[in-house]
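Values quoted throughout were computed directly from the atomic coordinates according to the rules given, and no laboratory measurement underlies them. These numbers were taken from a predicted model, which means no experiment stands behind them. We place every Cβ from the backbone using ideal geometry, glycine too, and count neighbours over all the protein chains shown.
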């Protein structure tokens, strides 16, 4: 039988990242409760009496059960989290979902494209790739609204010592590149030199759609693109139904999808906000 | 499958009442009926109309606590019901229970109730107003895999009892019923066949299901249909296979709790995220997913059957006239119009 009951978890500490965004450090009271995670998997965080929502591990649980998450205050659950004091007991369930295809990425020229807080599910992946050092090349293109909202400045500065890094901000005059990641793709590809063989995406769905289509037009195989999608979730175990993507449940089959699988599922939907590739 | 003769259902009801809380269908003055706990078993009346609510709520509760928190620990609040019998469930609803048994196979709350239940099914002998169970392989005769005991009313008023599970066999222990002969089984098959022949023929049902199953219906159709959907959740609430739920946290004198409650994938806010991004903002998109989910090949692959058992409750309740009969008729008409000359 599965369990829908959270494991008690201490909110150890937190520190600010950017506007409305904090790094939270949690500790599972039973360090054995979560043994192994894959980069890109997620957990459900329960604020007792308030609600629960899915978040990604930026650093997975260590032997003491300590792990980190980068969280933006957006809705009821996150607003309540930002009001919690260090030392409070909260609840955690997980790990859930399918992570990034680490093994497949070995020997590849990898480009990671992140938009806004979509960088969170890519943090643990980037750290893991840098540590494994089994890729041919690795680069990150990160887009945000402005200097106020761009995330992980310190981490990205550190990464920049080890890999090419491109930051694009929508606010004019705040960065070398202005616009969205889609706007500056050709410039970035020109500077990169060699064309990527693997593309990893996380950010607003419309940005990921446009980016994937651009790369396919440029000749990248559909099966070489992966994306992590965001969906509302209540159970995270494929029962409550909220995270559906046509016949698939984002909590179990995702949140990481290979592009061709995602595209087939999306074509079954009629979300007017999304750009369905066949209509582009 | 062992078979017995029974003069009156009350003999069986009183026998079962020694070990089980009995729930029966009770007729209301307005012609409807509903499921009710009985102090003492009541005579069984012929089914006039399918109860508007299926027995889904006996296992997948409309609202239930999942866990409680006392400030330090989370405690799972799995129910501990006494053994109970649902006496006289129709084949469509039994098929739906078998479907949900698969869906909730690993759900401790559902299974805690389900393992305490004995299911006594009734073969339907006359079609109900909105039903089409025979079209989706869910009746009118009870599938032996879906019940513990099956009761079949014979022309003379006696009953044929079929024992279709070990639980059913154990429940009959000590009753010493006379064995039925093979003619009784032949008679059952004939009566069920007669019932199927009485159903109104509606070819659009099978044709519509085929179109849905092949996912050949374009988005314009769903956008048109969506104009009539009020997102009221009447269909999903009454559908015996619908299983979507939401959760809500609350605080009372005893601590902090999380409960789950029946939700509906047809609500506008069902998928809306904290950021306000909503992948299924339009009613047409939600209807498309609802109907393709019920009749997709993926559902058949996962559950061995369609997610619809042909009870017709969605048609009965839908104020926008986009229940199953209306939708299938519309699909067939739309596809005929769209077909190349």
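Going 7 Å from the Cα of residue A:134 along its beta-carbon direction, which residues of the stretch A:3-43 have the amide nitrogen within less than 16 Å of the resulting point? Of the residues in the stretch A:3-43, A:37-40 have backbone N under 16 Å from the label point off residue A:134. When the helices of chain B are scored as -39500 (n - 2.57) per DSSP H run of n ≥ 4 and the total is divided over every residue, the value at 222 nm lands at -10000 deg cm²/dmol.
Peptides A:41-48, A:104-111: what's the order by average Cβ count within 10 Å, highest mean first?
On the way: A:41-48: 24.8, A:104-111: 18.4.
Listed from highest to lowest mean packing, they are A:41-48, A:104-111.
In terms of packing, defined here as the mean over residues of other Cβ atoms within 10 angstrom, the peptides B:239-247, B:225-233, B:48-56 line up highest first as B:239-247, B:48-56, B:225-233. Legend: calculated FRET efficiency, residue A:171 to residue B:52, from the Cβ-Cβ distance at R0 = 51 Å, rounded to 0.05, equals 0.35.
Would you mind getting me the FRET efficiency between residue B:175 and residue A:183? Use the beta-carbon distance for r and R0 = 60 Å, nearest 0.05.
Values: r = 78 Å, r/R0 = 1.30.
Using R0 = 60 Å, I get an efficiency of 0.15.
The stretch A:207-272 and the stretch B:117-151 have their alpha-carbon centroids 39 Å apart. Packing around the peptides A:237-247, B:306-316, taken as the average count of other Cβ atoms within 10 Å per residue, puts them in this order, highest first: B:306-316, A:237-247. The angle separating the long axis of helix A:205-217 from the principal Cα axis of greatest extent in chain A is about 30 degrees. Here A:157, B:185, A:81 are placed in order of increasing Cβ neighbour count within 10 Å, fewest first, which gives A:157, B:185, A:81.
Assuming a ≥ b ≥ c are the square roots of the Cα gyration tensor eigenvalues, decide whether the stretch B:130-191 counts as rounded (a/c under 1.5), prolate (otherwise, with a/b larger than b/c) or oblate. Here the stretch B:130-191 falls in the oblate category. The mean count of C-beta atoms from other chains within 10 Å of the C-beta of residues in A:240-252, rounded to a whole number, is 5.
D by Stokes-Einstein for the stretch A:7-96, Kirkwood Rh over Cα pairs, 20 °C, 1.002 mPa s: 167 µm²/s.
With R₀ set to 41 Å, the beta-carbon distance separating residue B:206 from residue A:1 gives a calculated FRET efficiency near 0.60.
Taking label positions 7 Å along the Cα-Cβ direction at both residue B:269 and residue A:195, the computed distance is 4.8 nm, reported to one decimal.
Relative to one another, the C-alpha centroids of the stretch B:1-20 and the stretch A:34-52 are positioned 50 Å apart. As a rough footprinting exposure proxy, the listed residues A:158, B:25, B:272 were ranked by other beta carbons within 10 Å of their own, and the order from fewest upward is A:158, B:272, B:25. Take each residue of peptide B:268-278, count the partner chain Cβ atoms within 10 Å of its Cβ, and average: the result is 5.
How big is D, in µm² s⁻¹, for the protein assembly as shown by Stokes-Einstein at 37 °C and 0.692 mPa s if Rh is the Kirkwood radius over C-alpha pairs?
Calculated translational D: 121 µm²/s.
Using 0.36 nm per residue and subtracting the Cα-Cα separation, the extra length available between residue B:197 and residue B:70 on full extension is 39.8 nm. For the residues of B:63-74, the average number of beta carbons from a partner chain within 10 Å of their own beta carbon is 4.
Based on other C-beta atoms within 10 Å, arrange B:238, A:29, A:152 from fewest to most. If you can, show how the numbers build up before the last one.
Values: B:238 21, A:29 14, A:152 24.
Neighbour counts put them in this order, fewest first: A:29, B:238, A:152.
Comparing Cα centroids, the stretch B:204-271 and the stretch A:146-160 end up 41 angstrom apart.
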